[in-house]
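Notes follow once the structure below has been shown.
The values are calculated or read from the model by the stated rules, or taken from the named source; none is laboratory data. Everything quoted here is computed from the prediction, not taken from an experiment. FYI the Cβ positions are ideal-geometry reconstructions off the backbone, even for glycines, and counts take in every protein chain you see.
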């Protein structure tokens with residue numbers, strides 16, 4: 001999973017820019033990258049929107065994927 005976060009960070013340029021664009025603090029981004037915690041559904045949806053769908057919210061937040069699969 002961390003490679004998805006690395007790719008997302010690379011998309012924005014670096015951890016600080018990714019944090020700014022996604023409305024979180026840089027240590028939060030570092031935590032995603034290092035597997036210390038996951039991304040919230042709200043932030044995953046924002047990432048999907050900001051990247052024009054290049055990164056899917058359901059890939060960034062497994063909890064969201066579960067909710068979406070149970071909704072249909």
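Looking only at region 1-19, how many residues end up being in a helix (DSSP H, G or I) and exposed (fewer than 14 other Cβ atoms within 10 Å of the Cβ)?
Residues meeting the conditions: 6.
Out of the residues in region 47-72 that are in a helix (DSSP H, G or I) and more than 20 Å from residue 3 (Cβ to Cβ), which is nearest to the chain's Cα centre (by Cα)?
49
Mind listing whichever residues of region 25-46 are out of contact with any helix residue (DSSP H, G or I) (no Cβ under 8 Å at 6 or more places or on another chain), over 12 Å from residue 5 (Cα atoms) and assigned to a helix (DSSP H, G or I)?
27, 42
Could you tell me which numbered condition residue 24 fails, if it satisfies all but one of (1) over 17 Å from residue 13 (Cα atoms); (2) at pLDDT 95 or above?
Against the list (1) over 17 Å from residue 13 (Cα atoms); (2) at pLDDT 95 or above, residue 24 comes up short only on (1).
Across region 33-44, what is the total count of residues that are at pLDDT 95 or above and under 13 Å from residue 8 (Cβ atoms)?
3
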